[in-house]
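The values are calculated or read from the model by the stated rules, or taken from the named source; none is laboratory data. Note that the coordinates shown come from a computational prediction; the quantities given were computed from them, not determined experimentally. Every residue, glycine among them, receives a Cβ derived from its backbone with ideal geometry; neighbour counts consider all protein chains shown. For accessibility, only protein heavy atoms count, side chains too; no ligands or nucleic acids. Shrake-Rupley method; radii C 1.70, N 1.55, O 1.52, S 1.80 Å.
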Amino acid sequence: MIVIKDLKKSFGNHLVLNGINEKIEKGEKVVVIGPSGSGKSTFLRCLNLLEVPTEGSIWFEGNNITDKNTDINLIRRKMGMVFQQFNLFPHLTVMENITLAPVKLGVMSKEEAEQKAVELLARIGLSEKAKAYPNQLSGGQKQRIAIIRALAMNPDVMLFDEPTSALDPEMVGEVLDLMVQLADEGMTMVVVTHEMRFAKKVATRVLFMDEGRIVEQNTPDEFFNNPKHPRSKEFLSKIL
Amino acid sequence: MKAITDWFIGIYQSFYNALIPDRRYLAYLNGIKVTLLISFFAILLGIIIGILVAVVKVSAVESKMKWLQSICDVYITVIRGTPLMVQLLIIYNLVFTSRNTNEIVVGAICFGINSGAYVAEIIRAGIESIDRGQMEAGRSLGLNYMQTMKLIILPQAIKNILPALGNEFIVLIKETSVASVIAVTDLTQAAQYIGSRSWDVLPPLTIAAVCYLIMTMGLSKLLTSIERRMARSDRH
């Protein structure tokens, strides 16, 4: 589904991604972990071209999205993204947040989009918040709304950029629960996170990044119980 | 006691002379109409120019439109760096040389071009005050740059800069009094004209000042109510 070939990204003289080759299949739940500054967020943001790669190519469902002639806006409709800081639109109600993109892009009529939003809100138990503004919600509620806002476009893959890092500890659970549900339904997911419990529970594969490279990758069982690379061992010994 | 009464009667008389004979109040009304017309269309033009220039300036960074950005920089530098009255005279004499040009139109265009430079800088500051994540969230949903700008960034930016914009528009209304140099009979010109007819210039100028005050107070009331409406989403 996503093929990454020799991906490199530098900011000025600083090389953040140093040659990444990776293949993500449909239905996989890939969890990317690593120390801060290892390039994992940049890697994720390259996948939908929020960061433009310096070198290499990325293919999504057979299209080379790094090609100048590819309409990235069409590609992004199929790639939902969830941010650390939620990035809900504060001037719009929850309902408008969810329906804005599907309606303005002509993917759905206003009625269809609202119908879909009502279903999604009911699913996360926040139906009564449809007319509320983001400022009136808790962090966990905001992030769950941000997730269903992305889902409203019916994406083929969901990208999560540290979705629980900005949350109070007691709200992490409700967001992770929703992500687990998504995973169980078969959504393809790429998740950058520090939540090792989530990685163990949901991941089909763990990528460990350090200094702009994927140093080690394995199933979560193998990776957490039997890390092979010295950097992975060191990292796990610090956080577990 | 008599002196005070005489003083009041004197004042009453001079204001009466400034307003009633020869239906002079009509001249003020006409002046107010001209001032409002010039201000309204200048504000409109200023907003349009301001948004265009601001969006070009913030988006040129990530595109190949660097030359457009240079044009906008020159525009802002020249307009902000030269006196309004000189701009007005140059545009009136140089560009609109035809004899039957409408001075109100010239005035509105000139003040609009002038205001646009200030509005552009205000709007640019507003756009840059919006968190980068808002643009990223819009783009990640598949909206293009202009759609995200229009639907997500600008509405938030304008809300933040409304007080500064209000200030600019109030300044604009007052500055239209300079328009008399291109023979526009705006409110100031009307007051001066009446003063020269009645040999008493202070009462008509005072009346004009009160009229300006009412107009600017009206505008700032209007802006306050818009601000309040836009603050709906700030409730916690």
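Six or more apart or on different chains, Cβ atoms under 9 Å: show the pairs whose first residue is in the stretch A:125-139 and among the acidic types (Asp, Glu) and whose second is part of a helix (DSSP H, G or I). Note: pairs meeting the criteria are A:128/A:121. Among the residues of the stretch A:62-120, those identified as assigned to a loop (DSSP other than H, G, I, E, B), within 11 Å of another protein chain (Cβ to nearest Cβ) and closer than 20 Å to residue A:24 by Cβ are A:77, A:78, A:83. Among residues belonging to the stretch B:112-139 that are within 14 Å of another protein chain (Cβ to nearest Cβ) and open to solvent by less than 10 Å² (accessible area, probe 1.4 Å), point out the one that is nearest to residue B:217 (Cα to Cα). Among those residues, the one meeting the criterion is B:126.
So if I check each of A:168, A:177, which one is in contact with a Ser or Thr (Cβ under 9 Å, 6 or more places away or on another chain), surrounded by fewer than 21 Cβ atoms within 10 Å (Cβ to Cβ) and charged (D, E, K, R)?
Values: A:177 fails: in contact with a Ser or Thr (Cβ under 9 Å, 6 or more places away or on another chain).
None of the other options fit; the residue is A:168.
Of the residues making up the stretch A:143-163, those that are open to solvent by 10 Å² or more (accessible area, probe 1.4 Å) and away from chain B (no Cβ under 12 Å) are A:144, A:156, A:162. If you go through the stretch A:70-87 and keep only what is over 14 Å from the mean Cα position of the chain (by Cα) and of a type in the set (A, V, I, L, M), you end up with A:72, A:74, A:75. For the stretch A:121-134, the candidate set comprises residues that are outside any loop (DSSP other than H, G, I, E, B) and more than 14 Å from chain B (Cβ to nearest Cβ); within that set, the residue that is surrounded by the most Cβ atoms within 10 Å (Cβ to Cβ) is A:121.
The set of residues in the stretch B:159-196 that are in contact (Cβ under 8 Å) with a residue 60 or more places away in the chain and within 14 Å of chain A (Cβ to nearest Cβ) comprises B:159, B:162.
A single member of A:56, A:27 is touching a Leu at 6+ places or on another chain (Cβ under 8 Å), surrounded by fewer than 21 Cβ atoms within 10 Å (Cβ to Cβ) and of a type in the set (Gly, Ala, Ser), and it is A:56. The single condition from (1) away from chain A (no Cβ under 14 Å); (2) over 22 Å from the mean Cα position of the chain (by Cα); (3) buried (at least 20 other Cβ atoms within 10 Å of the Cβ) that residue B:142 fails is (1). Here residue A:38 meets the list (1) among the polar types (S, T, N, Q); (2) open to solvent by 20 Å² or more (accessible area, probe 1.4 Å); (3) in contact (Cβ under 8 Å) with a residue 60 or more places away in the chain almost entirely, failing just condition (2). Picking from residues in the stretch A:1-15 that are open to solvent by less than 20 Å² (accessible area, probe 1.4 Å) and among the β-branched types (Val, Ile, Thr), the one that is farthest from the chain's Cα centre (by Cα) is A:4.
Per the listing B:213, B:165, B:205, the residue uniquely of a type in the set (A, V, I, L, M) and either in contact with a strand residue (DSSP E or B) (Cβ under 9 Å, 6 or more places away or on another chain) or open to solvent by less than 60 Å² (accessible area, probe 1.4 Å) (or both) is B:165.
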